[in-house]
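Everything on this sheet refers to the single structure shown next.
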Amino acid sequence: QVQLVESGGGLVQAGGSLRLSCAASGSTFTFNRFGWYSQAPGKQRELVAIIRSGGSRSYADSVKGRFTISDDNAKNTVYLQMNSLKPEDTAVYYCYAQTMFRREYWGQGTQVTVSS
């Protein structure tokens, strides 16, 4: 059973930075997709950034140029470097992974709060 454990959330002032980490355990296969979603209060969960097994990356338009997704295959970990944070980035950030068999897994979520 795959488990995803996030860390790195917290409270930061606008313009600041945070780095989220998500460590995966229980999988011996490379994930098809590995990345981050966010869910703000009263809104649907939406894609923030994803890495595909071929190495390509996608970002939400709202974070392009500010957030960077990266991974460490040896550690089965994905990171999200968030710079120039804005109050509208405030949300719970969820780690997401999809295996080669199309099974999907979610982390418990980590709160990111950006004060103005």
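Would you pick out the residues in region 57-116 that are in a strand (DSSP E or B), open to solvent by 80 Å² or more (accessible area, probe 1.4 Å) and within 24 Å of Gln13 (Cβ to Cβ)? Hit for region 57-116 is Gln111, nothing else. Considering region 35-56, and only residues there that are in a strand (DSSP E or B) and open to solvent by 70 Å² or more (accessible area, probe 1.4 Å), the residue that is modelled with the highest pLDDT turns out to be Glu46. Only one of the listed residues (Tyr59, Tyr37) is in contact (Cβ under 8 Å) with a residue 12 or more places away in the chain and aromatic (Phe, Trp, Tyr). That residue is Tyr37.
Considered as a group, the residues in region 21-34 that are in contact (Cβ under 8 Å) with a residue 40 or more places away in the chain and assigned to a loop (DSSP other than H, G, I, E, B) include one that is surrounded by the most Cβ atoms within 10 Å (Cβ to Cβ), and that residue is Phe31.
The values are calculated or read from the model by the stated rules, or taken from the named source; none is laboratory data. Just so it is clear, the structure is predicted and the values come from calculations on it, not from any experiment. Because the Cβ atoms are built from the backbone with ideal geometry, glycine has one as well, and the counts that use them run over all protein chains shown. Side chains included, ligands, DNA and RNA excluded: accessible areas come from the protein's heavy atoms. Shrake-Rupley method; radii C 1.70, N 1.55, O 1.52, S 1.80 Å.
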